[in-house]
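Inspection log for the structure reproduced underneath, given as structure tokens.
The values are calculated or read from the model by the stated rules, or taken from the named source; none is laboratory data. This one's a predicted model, so the numbers in the text were calculated from it and none came from an experiment. So basically every Cβ, Gly included, is an ideal-geometry build from the backbone, and we count neighbours across all protein chains shown.
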Amino acid sequence: MTGPQPVAKPEVVSGSKAGGGPLIRAGTSLIPDRIFYAAVLSCGLCVLGLVGVIVYQLVTKSALSWHAFGWKFFFRSDWDPVSEQFGAWPFVYGTLVSSLLALMLAVPLAIGVAVFITEMCPRWLKGALAFTTELLAAIPSVIYGLWAIFVMVPLLREYVEPLLGRYFGWTGLFEGTPYGIGMLAAGIILAIMVVPIVSSITREVMTAVPQQQREAVLALGATRWEMIRTGVLRNARAGILGGVILGLGRALGETMAVTMVIGNRPEIARSLFAPGYTMASVIANEFSEATSDTYLSALVEVGLALFLVTIVVNIMAQLLVWSVTRGMPARSHG
Amino acid sequence: MGVGIKVEHLNAWFGKTQALYDISIDVPANHATAVIGPSGCGKSTFVRCLNRMHETIPDARATGKVRMGELDVYNGTAAVQIRRRIGMVFQKANPFPTMSIYDNVAAGLKLNGFHDRKRLDEIVERSLKLSALWDEVKDTLRKKSGASLSGGQQQRLCIARALAVEPEVLLMDEPCSALDPISTGKIEELIFQLKENFTIVIVTHNMQQASRVAEFTGFFLLGKLIEFDKTEKIFTTPSDKRTEDYITGRFG
Amino acid sequence: MAKTAGQTGQFAIAPVSLWRRGMNSLVTLAAGAAVVAVLVPLGAIFVYLIYKGVGAINWAFLTQIPKPVGEAGGGMANAIAGSGYILAIASIMGVPIGIGAGIYLAEYGRNRFGDLIRFTADVLNGVPSIVVGIVAYGIVVIGQGHFSALAGGVALAIMMIPTITRTTEEMLLLVPNAVKEAAYGLGVSRWRTTLSITLRTATSGVITGVMLAFARVAGETAPLLFTAFGNQYWNWKVSQPTAALSLQIYTYAISPFDEWHRQAWAGALILIVLIVVSVSAVRIVAGRGMLKGAN
């Protein structure tokens with residue numbers, strides 16, 4: 001401990017109490033307390049500062065592109081580094097479509113898994129199942145991508161897509177040559193990656209529903225499914241929606257696995273078999289090769305847009321989840 | 001040697017709610033003083049004001065004068081220093097769970113910068129003997145954790161820990177309320193012996209306990225000190241009707 | 001003896017209709033199917049990782065750097081080491097700040113300002129990793145003029161901080177008030193109590209939080225793409241581009257060479273093993289440590 005008032009070395013008093021003062025005669029600890037407070041406060045401020053730094057970097061580095069193209073940047077489709085014309089619409093489209101497709105596949109699966117684990121599962125199986133779904137969340141994106149390229153895509157190309165094309169081609173969604181690589185592959189791998197998040201939040205909010213609610217419905221003579229539907233899912237609606245939106249946030253920002261299977265062509269097509277491009281992917285592929293300032297700036301602007309969208313989505317999701325689990329996840333214990 | 005505590009016009013609040021009203025009391029040195037009264041009468045709050053633990057609760061404050069010997073507890077001295085000279089034993093034993101028995105007893109000293117190994121060994125042994133725990137733990141001092149002892153032993157460990165820093169006053173907030181009769185008996189015996197060297201203030205809801213261990217007793221009701229006198233007098237010929245009602249069991 | 005309502009048929013209780021029972025069973029089946037549908041890819045991934053990865057892992061793989069394109073052999077030693085290097089840099093920056101912020105929130109942040117920091121940390125957790133890469137690029141790479149391990153470390157640190165902050169706060173709040181009161185009662189100062197008592201009691205939980213953040217960023221690729229950038233050779237300089245396991249897997253996976261594909265699987269297997277081992281090790285240590293004191 002340092003400071004203008006150093007703590008005095010403790011005085012050793014002989015064993016008996018005769019005339020003794022306190023065993024430890026020490027100075028105040030006011031200064032060290034203040035230093036400690038300042039240190040941890042500055043760490044807390046760092047957290048705030050980080051957001052500031054992120055926003056600052058994104059805004060300043062994208063200014064060039066913003067001035068050159070304005071709002072139209074996000075609605076034009078010409079992405080041509082050579083002639084320095086940049087329009088980000090294909091990427092926005094790709095991000096939206098791949099994420100929506102992922103959600104459409106993931107949400108029913110995730111809710112199904114959550115319902116099974118919370119309400120239907122025999123107790124001995126619960127822990128193991130919960131653990132394995134969490135395990136899915138721990139797999140790095142690049143490994144998902146690796147598996148997708150060499151295992152999932154050939155499967156899609158050889159079996160799934162021809163089937164889809166034959167029976168559902170009339171919808172216009174499954175036309176064209178099945179390469180395997182493309183929007184459909186991206187949507188599927190994203191779905192697999194998003195399921196753990198949606199599932200674990202759904203489980204959390206379902207568990208938060210009080211047992212009395214379930215019993216009230218059962219006491220009216222409901223079947224188990226009816227009890228789940230009216231007693232649990234209904235009450236946890238807001239939280240489940242929050243989990244879904246959180247999953248959306250994750251899907252929007254996902255980079256590596258998508259980049260590896262989406263085909264990386266800035267095209268807009270109705271068919272899910274066609275290749276596409278997402279906002280995260282274009283940054284990943286082209287950032288380190290961007291030759292001109294405008295090029296780089298355009299990529300940063302795409303990043304800025306991605307940042308803003310994910311922030312908004314995540315905030316909405318947090319608010320929804322909090323409204324059900326009620327208050328701070330971290331609680332004080334007395 | 002213990003010193004006495006002189007309290008003058010002590011008032012205490014929790015936020016806007018007043019918990020203590022104008023308490024004035026003279027706690028004599030080297031004796032045990034019991035603080036009794038029904039639930040919610042402010043006895044714990046009173047005792048926690050003596051070593052400024054009251055202010056660790058957010059929105060809590062106190063006014064008035066508390067003197068320990070010539071030391072003004074509230075003005076001019078840091079709370080941290082006060083608490084090194086006024087020790088406290090809590091209602092539920094709270095040994096440090098990650099520390100061994102030895103480290104628990106030595107904690108007060110180590111955390112205040114005192115590291116002389118040999119002296120620490122002596123002090124730990126002496127404190128554990130003072131709190132009548134030495135024989136039971138002397139072989140497992142460093143091996144067992146503080147939390148692995150029984151309830152009564154844990155409380156005696158906490159007493160040893162408080163004694164190790166050699167305070168002049170020891171405050172005990174219902175120390176036996178969570179313990180079985182045998183452990184309670186051991187601790188009461190302890191208080192009897194400690195009186196010689198320390199001033200003790202013990203909060204208790206057990207009137208028999210008060211009459212067993214304390215020479216003086218103060219009766220609190222709804223945040224006010226109703227009566228303070230020799231224990232014998234309080235329990236045989238109390239001056240105030242409210243005291244009489246309480247000790248005869250008419251309420252509380 | 002009067003007949004009961006059921007017997008007279010007046011308030012006959014209808015049997016549960018076939019439709020409702022059928023619905024119930026169908027839903028149970030569907031939920032079960034969902035579980036299977038989710039477990040299948042998981043199983044498939046692990047099976048392939050082992051099947052394709054084990055064959056390519058050998059001593060050379062673990063100790064050599066990549067050979068030039070076209071030549072067989074070589075390994076990812078520099079990438080494994082590089083990942084460790086970058087993670088170490090990230091931890092030096094991220095762990096103290098994260099724990100410090102967590103302490104602030106637990107001890108001094110039970111107010112609106114603390115709420116703001118808490119909220120910000122949760123929001124930060126959702127920032128896409130590629131965006132973090134852009135930010136680190138702007139802060140470090142532009143200043144230095146080239147890619148570097150430091151830039152990669154900064155990017156990963158930015159990702160570690162919010163996670164560590166929140167878990168540290170949670171763990172510190174779990175320490176019962178009684179323990180803190182005991183320390184105050186002994187006259188221990190606020191900062192000493194927080195460090196030596198509160199933090200010490202919550203140590204294993206805090207470490208778990210740190211390791212989880214660590215495991216999460218260990219597999220990250222996107223933020224390293226244009227910060228650490230990758231390197232075919234050994235590099236221990238903090239200011240030079242450095243190889244990383246995740247980067248190497250990516251580069252090899254998208255390449256046209258079979259030999260590199262094989263090595264990508266091997267690298268992936270190693271990565272997942274390292275992650276699983278560190279998370280399990282943490283669980284074991286934490287499980288023992290937390291109870292060590294309370295036994």
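Descriptive notes on the structure:
- Per the listing A:Ala280, A:Ala298, the residue uniquely at pLDDT 85 or above, within 8 Å of another protein chain (Cβ to nearest Cβ) and crowded, with 21+ Cβ neighbours inside 10 Å is A:Ala280.
- Candidates A:Pro81, A:Pro108, filtered to the one that is touching a Phe, Trp or Tyr at 6+ places or on another chain (Cβ under 6 Å) and of a type outside the set (Phe, Trp, Tyr): A:Pro81
- Residues of the stretch A:257-270 that turn out to be surrounded by fewer than 19 Cβ atoms within 10 Å (Cβ to Cβ) and over 19 Å from A:Arg76 (Cβ atoms), as a count: 1
- Qualifying residue in the stretch A:245-259 (condition: in contact with a strand residue (DSSP E or B) (Cβ under 9 Å, 6 or more places away or on another chain) and not in a helix (DSSP H, G or I)): no
- Checked against the criterion of being crowded, with 17+ Cβ neighbours inside 10 Å, touching a residue at least 60 places away in the same chain (Cβ under 8 Å) and within 25 Å of B:Met53 (Cα to Cα), the stretch B:137-154 has at least one qualifying residue.
- Within the stretch B:39-88, the set of residues being facing chain C (nearest Cβ under 9 Å) and more than 27 Å from B:Gly113 (Cβ to Cβ) comprises B:Pro58 only.
- Of all residues in the stretch A:218-240, those being more than 10 Å from chain C (Cβ to nearest Cβ) and buried (at least 19 other Cβ atoms within 10 Å of the Cβ) number 6.
- Matching helices (runs of 4 or more DSSP H) fully within the stretch C:154-255 where at least 1 residues are more than 12 Å from chain A (Cβ to nearest Cβ) and among the polar types (S, T, N, Q): C:203-218
- Some residue of the stretch C:54-75 being closer than 24 Å to A:Phe150 by Cα, buried (at least 22 other Cβ atoms within 10 Å of the Cβ) and within 14 Å of chain A (Cβ to nearest Cβ): no
- Filtering the stretch A:110-128 to residues that are within 7 Å of chain C (Cβ to nearest Cβ) and either surrounded by fewer than 22 Cβ atoms within 10 Å (Cβ to Cβ) or without any contact (Cβ under 8 Å) to a residue 60 or more places away in the chain (or both) leaves A:Gly112, A:Phe116, A:Met120.
- When the stretch B:74-124 is limited to residues that are among the small types (Gly, Ala, Ser) and part of a loop (DSSP other than H, G, I, E, B), the one that is surrounded by the fewest Cβ atoms within 10 Å (Cβ to Cβ) turns out to be B:Gly76.
- Among residues of the stretch A:29-50, those that are in a helix (DSSP H, G or I), under 18 Å from B:Gly76 (Cα atoms) and within 8 Å of chain C (Cβ to nearest Cβ), counted: 1
- Qualifying positions in the stretch B:172-216 - more than 25 Å from B:Pro238 (Cα to Cα) and aliphatic (A, V, I, L, M): B:Ala178, B:Leu179, B:Ile182, B:Ile187, B:Leu190, B:Leu194
- Conditions (1) outside any helix (DSSP H, G or I); (2) within 23 Å of C:Tyr250 (Cβ to Cβ): number failed by C:Arg110: (2)
- Test result for A:Ala185, touching a residue at least 40 places away in the same chain (Cβ under 8 Å), closer than 23 Å to C:Val47 by Cβ, of a type in the set (A, V, I, L, M, F, W, C) and surrounded by fewer than 22 Cβ atoms within 10 Å (Cβ to Cβ): no
- Answer from B:Ala32, B:Ala78, B:Ala12, B:Ala62 - the residue that is closer than 22 Å to B:Gln155 by Cα and aliphatic (A, V, I, L, M): B:Ala32
- Condition check for A:Met206: within 14 Å of chain C (Cβ to nearest Cβ), surrounded by 22 or more Cβ atoms within 10 Å (Cβ to Cβ) and within 28 Å of A:Leu146 (Cβ to Cβ): no
- Any hit, the stretch A:131-145, residues being exposed (fewer than 15 other Cβ atoms within 10 Å of the Cβ) and over 29 Å from C:Ala213 (Cβ atoms): no
- Qualifying position, being basic (Lys, Arg) and under 21 Å from A:Met316 (Cα atoms), among A:Arg224, A:Arg229, A:Arg203: A:Arg203
- The single condition among (1) farther than 23 Å from B:Tyr21 by Cα; (2) in contact with a Ser or Thr (Cβ under 9 Å, 6 or more places away or on another chain); (3) of a type outside the set (Ser, Thr, Tyr) that B:Val201 does not satisfy is (1).
- Note on the stretch C:178-197: residues that are within 28 Å of the chain's Cα centre (by Cα) and surrounded by fewer than 20 Cβ atoms within 10 Å (Cβ to Cβ) total 2.
- Test: A:Leu136 is closer than 27 Å to C:Val279 by Cβ, within 18 Å of the chain's Cα centre (by Cα) and either outside any helix (DSSP H, G or I) or facing chain C (nearest Cβ under 8 Å) (or both): yes
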